[in-house]
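Read the structure below first, then the notes.
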Amino acid sequence: MILQNQGLEAFVAIVEAGTVHSAADTLGLTQTAVTQRIKSLESELKLTLFLRSRRGMALTSDGTALLQYCRAAGELEGVFLSKVSGKTRGDVQLTVVGPTSAMSTRVATDCLPLYSKHPQLRLHLRSEDHSNRLELIRKGSADLAIVPAENIPNEMDSKLIKPDRYLLVASASWRGRKLSEILERERVIDFYENDSTTTNYLKYFGLNKQLKRDRLFVNSNQALLQLISAGVGFGTLTDSMARPHIEAGSIIALNKAQAVDEPLALVWYPRTQKPEYFTALLSAIK
């Protein structure tokens with residue numbers, strides 16, 4: 001960012017590169033010069049920005065807060081330069097992270113108009129089912145995240161979006177079987193060990209105690225659908241993901257097609273000013 005001082009430039013370079021050595025290569029400086037700039041910045045701010053170890057440089061909580069400032073300042077710099085020069089910069093980047101269920105079926109479609117209306121925006125959409133999505137924002141790896149509404153942190157701004165609606169589904173070849181028999185004899189297929197979506201669904205309807213077998217795991221929607229369709233097991237899918245396959249006749253909805261909604265929220269760090277493309281992104285994701 002050309003309007004930031006050299007200390008902040010070195011700070012962002014270390015965060016992005018991971019080490020002082022790599023940051024020095026990026027900036028075309030010596031390691032000593034980069035280190036001195038960071039020391040001067042920490043002295044000026046009276047803060048410790050990094051925890052230094054053999055593994056590299058890890059941000060402190062103060063460093064994370066400064067990184068959010070730098071990213072917001074970079075976006076505003078792009079808006080300013082665009083206004084005074086009449087040119088659109090092409091280096092404005094925003095990353096949105098969320099669960100595969102929402103990212104693959106809704107968010108990508110919601111954001112389609114942004115690519116033509118805001119060509120300067122490099123919008124990255126990332127499916128993250130294992131990672132702590134709030135921590136990705138705190139560490140500067142993401143700008144916005146979709147999280148369960150109950151997990152909205154006090155330090156972030158947020159808006160509620162359309163909930164994920166889950167159905168309990170199984171192979172169409174199981175049509176006519178009693179749900180109680182399926183729960184006792186068949187296996188649940190979930191994404192991974194900590195995935196509690198199906199368990200929560202069954203708890204909601206008081207069905208979880210009927211489960212008798214260990215779960216199976218497959219971290220791919222396509223593979224999950226394939227295994228369920230083949231009768232390997234059963235599990236939960238979002239209505240938007242399951243509906244085309246239900247209509248095609250490869251899977252069926254169990255439990256009388258009753259659904260459970262998981263409230264979701266879009267979260268981000270507060271910004272004193274929101275560039276037009278940022279406001280457009282907030283409006284687009286529903």
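The values are calculated or read from the model by the stated rules, or taken from the named source; none is laboratory data. These numbers come from a predicted model, not from an experiment. Cβ: placed from backbone, ideal geometry, glycine included. Neighbour counts: every protein chain shown.
Name the residue that is surrounded by the fewest Cβ atoms within 10 Å (Cβ to Cβ), counting only residues in the range 1-16 that are of a type in the set (S, T, N, Q) and either closer than 18 Å to Ala72 by Cβ or under 30 Å from the mean Cα position of the chain (by Cα) (or both).
Going through the qualifying residues, I end up with Asn5.
Going through the range 235-286 one residue at a time, which ones are of a type in the set (Ser, Thr, Tyr) and more than 30 Å from Arg177 (Cβ to Cβ)? Steps first, answer last, please.
Restricting attention to the range 235-286, the residues satisfying the condition of being of a type in the set (Ser, Thr, Tyr) are 236, 238, 240, 250, 269, 272, 277, 279, 283.
Result: Tyr269, Thr272, Tyr277, Thr279, Ser283.
For the range 131-140, does any single residue satisfy the condition of being at pLDDT 95 or above and either crowded, with 16+ Cβ neighbours inside 10 Å or outside any loop (DSSP other than H, G, I, E, B) (or both)? I'd like the intermediate steps shown before the answer.
To start, the set of residues in the range 131-140 that are at pLDDT 95 or above comprises none.
Within the range 131-140 (the criterion being at pLDDT 95 or above and either crowded, with 16+ Cβ neighbours inside 10 Å or outside any loop (DSSP other than H, G, I, E, B) (or both)), the answer is no, since none of the residues qualifies.
Out of the range 141-186, which residues are part of a loop (DSSP other than H, G, I, E, B) and without any contact (Cβ under 8 Å) to a residue 24 or more places away in the chain?
Residues satisfying the conditions are Asn154, Gly176, Arg177, Lys178.
Would you please name the residue that is surrounded by the fewest Cβ atoms within 10 Å (Cβ to Cβ), looking only at residues in the range 233-252 that are touching a strand residue (DSSP E or B) at 6+ places or on another chain (Cβ under 6 Å) and closer than 13 Å to Arg165 by Cα?
Selected residue: Asp239.
Restricting to the range 179-232, name every residue that is surrounded by 13 or more Cβ atoms within 10 Å (Cβ to Cβ) and acidic (Asp, Glu).
Selection gives Glu186, Asp190, Asp195.
Evaluate the following for Val147: is it of a type in the set (A, V, I, L, M, F, W, C), surrounded by 14 or more Cβ atoms within 10 Å (Cβ to Cβ) and in the same structural domain as Thr95 (by TED's automatic domain parsing)?
In short, yes.
For the range 154-173, which residues satisfy the criterion of being crowded, with 19+ Cβ neighbours inside 10 Å and modelled with pLDDT of 95 or more?
Ile161, Tyr166, Leu167, Leu168, Val169, Ala170, Ser171
Name the residues in the range 108-128 that are over 11 Å from Ile285 (Cα atoms), surrounded by 13 or more Cβ atoms within 10 Å (Cβ to Cβ) and in contact (Cβ under 8 Å) with a residue 40 or more places away in the chain, would you?
Answer for the range 108-128, where residues must be over 11 Å from Ile285 (Cα atoms), surrounded by 13 or more Cβ atoms within 10 Å (Cβ to Cβ) and in contact (Cβ under 8 Å) with a residue 40 or more places away in the chain: His118, Gln120, Leu121, Leu123.
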